[in-house]
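The structure appears right after this line, and notes come after that.
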Amino acid sequence: MAETGLRQNPLIIKNLDLLTNNKRMEEEVKTRDKNTLKDYFALGEVFGYFFRKKDPNRPTNFSIRSMHVINKISISIFLVGIIYLIVKNLF
């Protein structure tokens, strides 16, 4: 009787479902292809952030504009630093 009570408990059923879903997700991750060198150097999203068109529906105010300017400056400095380290170590 104790087993049937445990099986009917909604919390236990939910936890068992989560465990089986986690196992499925782990198996999917194992079966995925490994990243290639091209995947690590995909900079499309970075350039898309710098060179995107202005969206007229997006709200603009000083805070948002200044945040994006600071983000662009920090990304630029980071990329310049990475390029410097690569060049320094290769030559």
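The values are calculated or read from the model by the stated rules, or taken from the named source; none is laboratory data. Being a predicted model, the structure only gives us computed values, none of them experimental. Don't worry about glycine lacking a Cβ; one is built from the backbone with ideal geometry, like all the others, and counts go over all protein chains shown.
Evaluation of ASN57 against the conditions (1) surrounded by fewer than 10 Cβ atoms within 10 Å (Cβ to Cβ); (2) at pLDDT below 65; (3) farther than 30 Å from ILE83 by Cβ shows that the sole unmet condition is (2).
Of all residue pairs spaced 6 or more apart or on separate chains, those with beta-carbon atoms under 8 Å, a first member in the range 36-52 that is free of Cβ contacts under 8 Å to residues at least 60 places away in the same chain and a second member that is surrounded by 10 or more Cβ atoms within 10 Å (Cβ to Cβ) and assigned to a helix (DSSP H, G or I) are VAL46/ILE75; VAL46/LEU79; TYR49/ASN71; TYR49/LYS72; TYR49/ILE75; PHE50/LYS72; PHE50/ILE75. Every residue in the range 60-71 that is part of a loop (DSSP other than H, G, I, E, B) and surrounded by 10 or more Cβ atoms within 10 Å (Cβ to Cβ), please. Answer for the range 60-71, where residues must be part of a loop (DSSP other than H, G, I, E, B) and surrounded by 10 or more Cβ atoms within 10 Å (Cβ to Cβ): just THR60.
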